[in-house]
Amino acid sequence: MTDTTAMEEAAALGDRLGDLVSRLTLEDKVTLLTGRDFWTTWPLEHIGLRRMLISDGPSGVRGEVWDERSPSINLPSATALSSSWDPEIATRYGAVSALEARRKGVDVVLGPTINLHRSPLGGRHFEAFSEDPVLTAELAAAYVAGVQRNGVGATPKHYVANDFETERHTADVRVGDRALHELYLLAFEKAVVQSRAWLVMSAYNSVNGTTASENDLLETPLSSEWGFDGVVISDWTAVRSIAAAAASQDLAMPGPEGPWGDALVAAVHAGTVTEAAIDRKVQRLLLLAARVGALAGFEDVATEPVDTEDGVAFAREAAAEGCVLVGNDGLLPLDRDSVSTVAVIGHNAREARTQGGGSATVIPASVISPLDGIRAAFPDTAVTYELGAVVQEGVVQLPPSAMHNPVTGGPGAHVRFLDGDGAALYTEDRFASSLVYFSGDAPVGEAAVIEFVTRYTPDHTGELLIGFAAVGTGRIFVDGELVAEVAAASTSKDAGAALLAPPSVSAAVDAVAGQPLDLRVAFAPHRTAESTRHALSLTVGIEADQSDPASKIARAVEAAEAADVAVVVVGTNARVESEGYDRVGLALPCAQDELVRAVAAANPRTVVVVNAGSPIEMPWRHEVAAVLVTYFGGQEYGNALADVLVGDREPGGRLPTTWAAEQADVPVLDVTPRDGVLAYDEGIHIGYRAWLRAGREPAYPFGAGLGYTTWSLGPVTVVDDAEGWVLEVPTTNTGHRAGKQVVQVYAARADSSIERPVRWLVGFAVVRADAGVTGTARVHVPRRALAHWADGWRYETGKFTLQVGTSVADLPLAVEVEVGV
Ligand code: BGC
């Protein structure tokens, strides 16, 4: 289609939608601009508009309910996806999300999260792609395209500078215009300009003094410069004022209460907000409805799904693509035939984190742990397991296989919502003991007590710490006896965090393995905020036995000594990384460093697998044979890990963010606002740019990662094209097996008159080649990648060096290009 035809078609569509808007009363229009409930928008039958269902995202699609009876595919988290450095994987990831969305009746996916890894302490680091804006932008645009070509709306979020969690609702980010444009806005720009995102989510925080939902940035550059014609949806409860309606905020979520409603109608009558502004918002909402097929008479605008993909198989492939091998003395890949015993060690080996906590959570039908995956990959080999160190903090849900519902006689638990007189308002039968309600039929806001009943069969004799995680007071009954009445108070002022990462309490109970306990928890919620009155999260479960850490390590050492190979899976837990709070440090929780050192001393053939969503310190990294960073690998994590360990698949990842040897070395660390302000004083120097400027060496540089083969690169040729330059880099697999390489191009400018990073990423390409074969990395470097922001994009004329290699610290090749006047 030519540009002129496209513009004519857009204008004609605008007219049709405009006609529809003109048939609505002001009250109707304003109603449409606040959600109908937690996840849906209002339908309007007389114009053929059905409700639209919106769902988190971004690593799978949860759907309307948070419930094990309606499971979703759990894809690897964003840091694993970005480690692939592969836009094709990101597009397929988006497509799988869209197919999941369609299966669940979801019209809009709340993802991708494309804030930056400004500090490794950022609590939602696992959910965002990278410290680099270009890598983030390429993957964001690809993800959005994959979602939307299947007729589902994507929502790049959170616009903008929402790169930390402390005081996230109120913090004011002070950031210069240059850093804003060159770093924090860049991925939003690409997702909008290139992939025409149908929505963008405004953030909670303020930017330079104005909260995001009222900020001029919603108009300029988003709409006025990038041509965004979609819906600015708020983060949940981020609209706080009529001023947001006067700004370019379109839709306030959730509903039905909110600051707009009657007050907005009155503001229009008073002339504070123009009706034209309301019409524009409604027209955008209707355009979205047309795009997702929610508006009768506009079927010509809707996109039918084009992709088919086996989501579970993709989850396995993507997890392997996201594994970054950062150290290997030759032990990997393991030769299955020569290994007779594998000792698998670590809490996360048995109970892996396959996703981060908070709103990104989905409930998969099943999860393959590293232990499961390794056992399946070594069917004829002895695989032993030792815990080594407890990583869990607080209670975790009861194993579903150990729960028996006394009411149905089947597996699971019986749950009742009781009023103040003890009468049942609602009952349900569940198969899990972690219950989260944001919407649905359960009368969460009305219930005085939620009662959870199951017959639980322990697998261990001795003291059991039975309890719950939730904000409120619970009475715990075992075999009809009250064993404890305990209250858990929220430690967080953030209502969302109080819900999604609640405090936990427990009481000691004597148990005998195999002997069932009748367990009843009667829980009275303590409602912390009106906005979450109708939401509830309650996990009934068990705390880990923290006793005698030395003997746990000693047993792991014994197992390692007796094995040919030890695989230690270390990682974080939900208290360390989640939404709603930042991390307090980069060290691994609990006694895991000590565990790795002891195991490595016992067996030189030790592989450490890092199951964390963000960088951790690895003080033992030179003492082990191999280190594999796997992030949160999704539901097929264990299978993917085993594929990589035995070499059925290449460890496809390269680090999307610098990993420090020690926290003290990290140049940009601070995530704590002072007097409500977080100043991004480092300007354009975050991530590897800051490391280079400070002249410090990290443990593992940005872009680094090993495969199982060797490569040679070059010579580079460069040709000009209309928009910049195309570099062609012959990339030869000089080893003995097929592999993947990520060729990276960084720009540098000697003697610049402008303050610049030492070097910055301007393009990259994935090459896959068989042994002995030369592939070609074709890297497009747009001219804009050499521009800087000074009240507009400006070009410093003259020569730039383009450095080519396989990480920011390994750039053996270079060419020069010239920016003319
Ligand atoms: C998060 C968003 C999420 C929304 C809905 C908010 O607390 O910041 O990322 O999409 O909740 O769950």
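For this structure, a couple of remarks:
- Mean separation of Cα contacts under 8 Å (6+ apart) over length of the chain, as relative contact order %: 15
- Percent breakdown of C-alpha pair distances by 10 Å bin, ordered from the shortest bin, for the chain: 3, 13, 23, 25, 20, 11, 4, 1, 0
- Cα shape, region 600-675, gyration tensor, a/c 1.5 rule: oblate
- Distance between region 478-502 and region 295-323 - C-alpha centres, whole angstrom: 38
- Net charge, residue 380 excluded, C-beta distance under 13 Å - Lys, Arg +1, Asp, Glu -1: +1
- Taking all protein chains into account, the per residue accessible area for region 662-725 stands at 48 Å² (1.4 Å probe).
- Surface analysis of region 26-291 yields an accessible area of 25 Å² per residue, using protein heavy atoms and a 1.4 Å probe.
- In terms of packing, defined here as the mean over residues of other Cβ atoms within 10 angstrom, the peptides 488-501, 110-123, 806-819, 787-800 line up highest first as 110-123, 488-501, 806-819, 787-800.
- Cβ-derived FRET efficiency at R0 51 Å, residue 208 paired with residue 19, nearest 0.05: 0.85
- The helix-only estimate of mean residue ellipticity at 222 nm for the chain, built from DSSP H runs of length n ≥ 4 each weighted as -39500 (n - 2.57), is -6500 deg cm²/dmol after division by the residue total.
- Charge tally in the Cβ shell below 12 Å around residue 339, where Lys, Arg are +1 and Asp, Glu are -1, residue 339 excluded: -2
- Annotation: amide H-H contacts under 5 Å for residue 174 (H modelled 1.01 Å from N, sequence separation of 5 or more, or interchain): 208, 678, 679, 680.
- Accessible surface of the chain [probe 1.4 Å, protein heavy atoms]: carbon and sulfur percent: 50
- Gained length - residue 551 relative to residue 431, 0.36 nm times residue gap less alpha-carbon distance: 39.8 nm
- Theoretical FRET efficiency, 1/(1+(r/R0)^6), r = Cβ-Cβ of residue 533 and residue 70, R0 25 Å, to 0.05: 0.60
- Amide N of region 689-716 lying under 18 Å from the label point, which is placed 7 angstrom from the Cα of residue 622 along Cα→Cβ: 696-701
- Protection proxy ranking, peptides 774-786, 96-108, average beta carbon neighbours within 10 Å, highest first: 96-108, 774-786
- Unit charges on C-beta of K, R, D, E only; dipole of region 412-566, Debye: 420
- Region 248-337 shape via C-alpha gyration tensor axes, a/c threshold 1.5: prolate
- For region 325-400 versus region 14-59, the inter-centroid distance based on Cα atoms is 45 Å.
- The chain: antiparallel DSSP beta bridges as a percent of all, rounded to 5: 75
- In this label model, residue 720 and residue 796 are separated by 2.1 nm, measuring between points 7 Å along each Cα→Cβ vector.
- Prolate/oblate/rounded call for region 711-819, Cα gyration tensor, a/c under 1.5 rounded: prolate
- Between residue 28 and residue 423, the contour length at 0.36 nm per residue exceeds the Cα-Cα span by 138.3 nm.
- FRET efficiency, 1/(1 + (r/R0)^6) with R0 45 Å, evaluated for residue 778 and residue 463 via beta carbons: 0.10
- Highest average packing first - 548-560, 638-650, Cβ atoms within 10 Å: 638-650, 548-560
- Think of region 26-291 as a dipole: +1 on every Lys or Arg Cβ, -1 on every Asp or Glu Cβ, centred on the Cα centre; then among 255, 289, 192, 289 lies furthest on the positive end.
- Mean separation of Cα contacts under 8 Å (6+ apart) over length of region 26-291, as relative contact order %: 19
- Virtual paramagnetic centre 7 Å along Cα→Cβ of residue 366, amide N under 15 Å, in region 623-660: 635-640
- Across region 724-821, C-alpha contacts under 8 Å between residues 6 or more apart give a mean separation that, scaled by the residue count, equals a relative contact order of 32 percent.
The values are calculated or read from the model by the stated rules, or taken from the named source; none is laboratory data. Everything numeric in this text was worked out from a predicted model, so none of it was measured. With ideal geometry, Cβ positions are generated from the backbone for all residues, glycine too; neighbour counts draw on all protein chains shown. We work out accessible area using only protein heavy atoms, side chains counted, and drop any ligands, DNA or RNA first. Shrake-Rupley method; radii C 1.70, N 1.55, O 1.52, S 1.80 Å.
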